[in-house]
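The values are calculated or read from the model by the stated rules, or taken from the named source; none is laboratory data. What you are looking at is a predicted structure, and each value in this text was computed from that prediction instead of being measured. Using ideal geometry, Cβ is built from the backbone for each residue, glycine included, and neighbour counts are taken over all protein chains shown. Please note that ligands, DNA and RNA were not included when accessible areas were found on the heavy atoms of the full protein model with its side chains. Shrake-Rupley method; radii C 1.70, N 1.55, O 1.52, S 1.80 Å.
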Amino acid sequence: MRLPLLPVLLVTCLVSAFAEDDPWMKPPDGFAWPDDAATQPEKDTEMPLSEVPALVRAYLVDQYLPQKPPATVYVRRADLNGDRVPEWFVDRPELGGTGGGVYDILDGSGKTAKSIGSLLGGFHLCVAAPKEQWLRIECSSRAGGGHFTRYLLQYIGGEFRTVRNEDHDTIHHKVVIRKIEKP
């Protein structure tokens with residue numbers, strides 16, 4: 001018996017529409033990734049270095065020594081700790097590669113900007129861990145050959161540290177947990 005094509009396509013579309021939104025494979029230990037935070041960083045904004053706040057600019061100038069820093073930088077901003085002072089995600093293209101771009105995460109709430117971590121690839125903010133103030137950051141990057149990395153950064157001891165790292169092998173449909181750190 002042959003089914004008419006239209007009903008089969010309709011059922012396929014409905015099943016897809018109600019499928020889980022998470023494109024990642026389930027980890028073997030059943031880890032539940034944190035929910036997205038209500039606050040997300042703005043999209044990349046290209047800024048002339050001269051328009052970046054002085055303390056962030058000074059940090060960047062120091063990082064590029066002995067060369068001159070770029071004339072423009074791509075940045076994102078988001079308040080990660082609820083103090084109403086946004087942290088800066090500064091794109092560092094010279095540090096990126098095939099796995100994605102690298103962002104330096106800067107805290108500019110003091111007299112000088114300081115790096116509180118960095119990340120590789122795409123990212124979005126997640127809710128803070130229980131009893132914690134700082135939002136967590138879920139990141140992903142491509143490792144090549146059907147391998148993707150999914151990792152979670154959490155603010156610990158004055159910096160963002162990797163507390164979870166998974167390798168997703170889409171060719172063999174396997175997830176390997178590479179790092180679990182209990183804060």
- Task: Could you give me the residue pairs with C-beta distances under 7 Å whose first residue belongs to segment 21-43 and is over 19 Å from Thr170 (Cα atoms) and open to solvent by 80 Å² or more (accessible area, probe 1.4 Å), whose second residue is at pLDDT 90 or above and part of a loop (DSSP other than H, G, I, E, B) wherever it lies, and which are 6+ apart or on separate chains?
- Result: Asp35/Val127
- Message: When you scan segment 48-63, do you find a residue that is in contact (Cβ under 8 Å) with a residue 24 or more places away in the chain and part of a strand (DSSP E or B), even just one?
- Response: yes
- Residue hits (segment 148-162; touching a residue at least 24 places away in the same chain (Cβ under 8 Å) and surrounded by fewer than 18 Cβ atoms within 10 Å (Cβ to Cβ)) are Ile156, Gly158, Glu159, Arg161
- Message: Could you tell me how many of the residues in segment 70-104 are touching a helix residue (DSSP H, G or I) at 6+ places or on another chain (Cβ under 9 Å) and outside any strand (DSSP E or B)?
- Response: 5
- Task: Give the residue that is modelled with the highest pLDDT, with candidates limited to residues of segment 105-134 that are open to solvent by 30 Å² or more (accessible area, probe 1.4 Å), within 21 Å of Ala32 (Cβ to Cβ) and not in a loop (DSSP other than H, G, I, E, B).
- Result: His124
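Going by the structure shown, is Gly101 in contact with an Asp or Glu (Cβ under 6 Å, 6 or more places away or on another chain), open to solvent by 20 Å² or more (accessible area, probe 1.4 Å) and among the small types (Gly, Ala, Ser)?
Numbers: in contact with an Asp or Glu (Cβ under 6 Å, 6 or more places away or on another chain): yes; open to solvent by 20 Å² or more (accessible area, probe 1.4 Å): yes; among the small types (Gly, Ala, Ser): yes.
Answer is yes for this residue.
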